[in-house]
Amino acid sequence: RRVFAAALLTTGVVQVALAAILKSPAERAHGTFVNPNHLAAYLEIILAVAFGALWAEILTNRERARRAEGRADMMEKRLLPLAGFVLLWGVIAAGIGLNQSKGGILAAGLTILVLVAMASAHRRTRSRPRVALVASLAILGGIVFVAATAGTTTLRRFLEANPREMGNDVRVELWKNSVLAWREFPLLGSGLGTFREAFRRVQPRDIIGRVEHAHSDSLQLLVTGGTIGAVLGVCLFASLFVVLFRAWRAQKHREESALVLAGIGALLALAVHGLVDFNLSIPIIPATLACVLGMAWAAGGHR
């Protein structure tokens with residue numbers, strides 16, 4: 001599990017580096033992905049794993065002080081590893097910031113807040129106020145690093161969005177017409193993989209070209225799988241959350257509980273981001289999520 005997590009974090013750093021190198025001033029960072037939003041979704045998974053690694057370090061960091069010889073040695077053994085994990089988390093978060101994906105940034109921010117709250121409330125976490133403070137300061141340091149790296153461009157992109165113009169946004173139009181397509185086949189849907197054909201039946205003239213995706217994983221499943229397919233999808237995600245949450249609550253080991261928490265974070269981030277983007281249609285994203293969930297499940301069952 002450590003080797004897999006290290007390999008995944010390495011690929012995340014490489015993706016961020018490529019995104020920064022290949023980015024031109026006129027476009028958003030996308031790395032090796034065609035769509036910048038898909039890079040954000042991929043980095044959200046890795047950001048959750050980076051948080052798990054950071055949280056495991058926070059939980060085990062104090063033990064190094066017992067083997068330290070003097071105050072300087074204690075600070076070196078405790079501060080340097082913690083700073084390294086904060087920097088790693090900050091690099092992945094900076095990649096999402098450079099990407100400027102609104103859905104990705106909101107999903108990542110919400111996920112981190114939930115993970116910090118869950119981690120601090122774990123019944124086997126000792127000195128909860130102190131640990132929560134350390135985690136908050138570590139995340140704050142990462143956010144400062146992200147702000148210094150990404151600059152004000154991302155914030156400006158949020159502030160310049162006009163809510164009055166949302167009704168005329170192409171993505172909103174796709175969502176509205178996707179609902180109309182679902183009404184054509186409300187119970188069983190048009191069939192998995194047939195969104196293009198289903199949407200064509202209701203496609204308005206002002207939307208030109210072939211529409212392959214609904215820009216929403218949940219809406220796409222509703223159109224192609226119908227109400228029954230959407231309910232099954234919700235049950236799948238809900239069952240995964242319940243299984244991982246119970247494994248996290250029962251796990252006594254600190255490192256393993258942190259890895260389970262990383263799996264919960266990855267699933268939550270993609271579930272939230274999937275409301276406004278079609279991330280699960282890109283094979284590498286659900287494949288990576290499946291591997292992370294497998295890692296989390298294996299860590300939760302470790303005794």
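Computed quantities for the displayed model
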| read-out | value |
| --- | --- |
| Segments classed as helices (runs of 4 or more DSSP H), wholly inside segment 172-278, with at least 3 members that are within 26 Å of E57 (Cα to Cα) and open to solvent by 40 Å² or more (accessible area, probe 1.4 Å) | 217-250 |
| Close pairs (7 angstrom Cβ cut-off, 6 or more residues apart or separate chains): at positive phi in segment 19-33, of a type in the set (G, A, S) anywhere | G31/A19 |
| Segment 1-18: number of residues that are open to solvent by 50 Å² or more (accessible area, probe 1.4 Å) and in contact (Cβ under 8 Å) with a residue 24 or more places away in the chain | 4 |
| Residue among G233, G294 that alone is more than 19 Å from G109 (Cβ to Cβ), out of contact with any helix residue (DSSP H, G or I) (no Cβ under 6 Å at 6 or more places or on another chain) and not acidic (D, E) | G294 |
| Residue list for segment 79-93, filter: modelled with pLDDT under 85 and either open to solvent by 70 Å² or more (accessible area, probe 1.4 Å) or touching a strand residue (DSSP E or B) at 6+ places or on another chain (Cβ under 6 Å) (or both) | L79, L80 |
| Cβ pairs under 6 Å, 6+ apart, first in segment 81-94 and within 27 Å of N37 (Cβ to Cβ), second in a helix (DSSP H, G or I) and open to solvent by 40 Å² or more (accessible area, probe 1.4 Å) | G90/F145; V91/V13; A94/T149 |
| Residues (open to solvent by 10 Å² or more (accessible area, probe 1.4 Å), hydrophobic (A, V, I, L, M, F, W, C) and not in a loop (DSSP other than H, G, I, E, B)) located in segment 279-294 | L280, I284, A287, L289, A290, C291, L293 |
| Of all residues making up segment 217-268, the number that are closer than 30 Å to L187 by Cβ and touching a residue at least 12 places away in the same chain (Cβ under 8 Å) | 21 |
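The values are calculated or read from the model by the stated rules, or taken from the named source; none is laboratory data. Because the structure is predicted, anything quoted here is derived from the model rather than measured. FYI the Cβ positions are ideal-geometry reconstructions off the backbone, even for glycines, and counts take in every protein chain you see. The area values use the complete protein model at the heavy-atom level, side chains included, leaving out ligands, DNA and RNA. Shrake-Rupley method; radii C 1.70, N 1.55, O 1.52, S 1.80 Å.
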